[in-house]
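Data block below; observations after.
Taken together, the values in this text are just the output of simple stated rules run on the coordinates, not laboratory data. All of these numbers come straight from a predicted model, not from anything done at the bench. All Cβ positions, even for glycine, are placed from backbone atoms using ideal geometry, and neighbour counts span all protein chains on display.
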């Protein structure tokens, strides 16, 4: 396994592009199952989870062509043709590291009326059951058995039926999952308490391009009128708001001035607001190349220390749980006391013990972390526990004096497009070595 060697203390300066969003690309790849014709996805980041999803689609009989990797931030294209799907299954050896594998269940039931899907894996950040997914699919007529750790499912008659679905709690993957299943169901499906995350809307927009009939994207009620079939389409995956936020947090912690090209600004109001509260200065400029939203974002750190700021994670449009660790890392050096509360996942403070190894002053009180800004951090050996924790530890190491070694960076590589190389383009000193 690789680990990162981070020499901290250097401010970040320069310009870098924001890659496509993993959390949008994964459900879009699953959506290709719904059509007999190819789905072309542009702006796809070269990430481990997406490679796993590609292998899974190929195992099912699909043709998966992905362009080779380029420089960090260089978009790629995936051509997904599931016209010859003949194995409606997701075996454990292919999906054990990826929770998003559950997203293929609904599309398989909608397309061929049967599926065998291994219970999914992923980051150990708390209980993330797919019970709500299964309940919703049952409401649409699906039947399930559990055999050897696999979900064995069928749709009587070979099709799902439209239904009224209400999620007990907001679920992003659940909303995406049922929206895809409903696209080919007979009748109309109404999804209440639907997730409003931008990635859900991005999936919905792609489905509409394929011929689906969907209303209410971006609201808490989505209505899907089933159609007999979906066709070919080309769709550009939205840029990654969490990657953009992570780079902002790095500039906040390490200091300096950076420019982000392609940041999805309309999806980042909560993150920009919190870092602005902490003293960062933002400037939006016209992008000479048009950009994903036609703008560049210039991020400047304050002349002195950051200001302490509180944050509570919430479903969109609130502050995202996927930015909690990165924000906490920046607040470890802020002037004052920050209270950071996690309301989404019950086990997402595993990075706190590692931040303390760098000299951070953090006390846990239930679901809140009380962060007292330290005068300095010092390099130390670090171990990542999950995807976003690894990003938070990397950010703190960039701001620390001396050298830190971050182990288990396979977590980082699952969700970021060569983040270490992007940070090096901005002046960081990060190298990889074998453990």
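When peptides 45-54, 225-234 are sorted by average Cβ neighbour count within 10 Å, with the highest value leading, the order is 45-54, 225-234.
Kirkwood radius and radius of gyration were both taken over the C-alpha atoms of the chain, and their ratio Rg/Rh is 0.98. Put in line by how crowded their Cβ is, counting other Cβ atoms within 10 Å and starting with the fewest, 312, 219 read 219, 312.
Based on Cα contacts under 8 Å between residues 6+ apart, segment 129-237 shows a relative contact order of 23 percent. Here the chain carries DSSP beta bridges of which approximately 70% are antiparallel, counting only pairs with both residues inside.
Computed from Cα atoms, the angle from the helix 172-183 axis to the main principal axis of the chain rounds to 20 degrees.
Look at 238, 60 and count the other Cβ atoms within 10 Å of each Cβ; fewest to most, that gives 60, 238.
Each residue in 388, 432 was given a count of other beta-carbon atoms within 10 angstrom of its own, and listing them fewest first yields 432, 388. So if we plug the beta-carbon distance of residue 10 and residue 55 into 1/(1 + (r/R0)^6) with R0 = 30 Å, what FRET efficiency do we get, rounded to 0.05? Once rounded, the FRET efficiency stands at 0.20. Against the chain, whose longest principal axis is taken from its Cα atoms, helix 22-31 shows a tilt of about 10°. Using a cutoff of 8 angstrom between alpha carbon atoms and counting only pairs six or more residues apart, the relative contact order for segment 22-236 works out to 21 percent. Given R0 = 51 Å, the distance between the Cβ atoms of residue 77 and residue 375 translates into a calculated FRET efficiency of 0.60.
Shape class of segment 22-236 from the alpha-carbon gyration tensor: rounded, with the ratio a/c of largest to smallest axis under 1.5. For segment 238-342, what class follows from the C-alpha gyration tensor (a ≥ b ≥ c being the square roots of its eigenvalues): rounded when a/c is under 1.5, otherwise prolate if a/b is larger than b/c, else oblate? Taking the square roots of the gyration eigenvalues as a ≥ b ≥ c, segment 238-342 is oblate. Taking the C-alpha atoms only, the angle from helix 241-254 to the longest principal axis of the chain is near 10 degrees. For the chain, the relative contact order works out to 21 percent when only alpha carbon pairs closer than 8 Å and six or more residues apart are counted.
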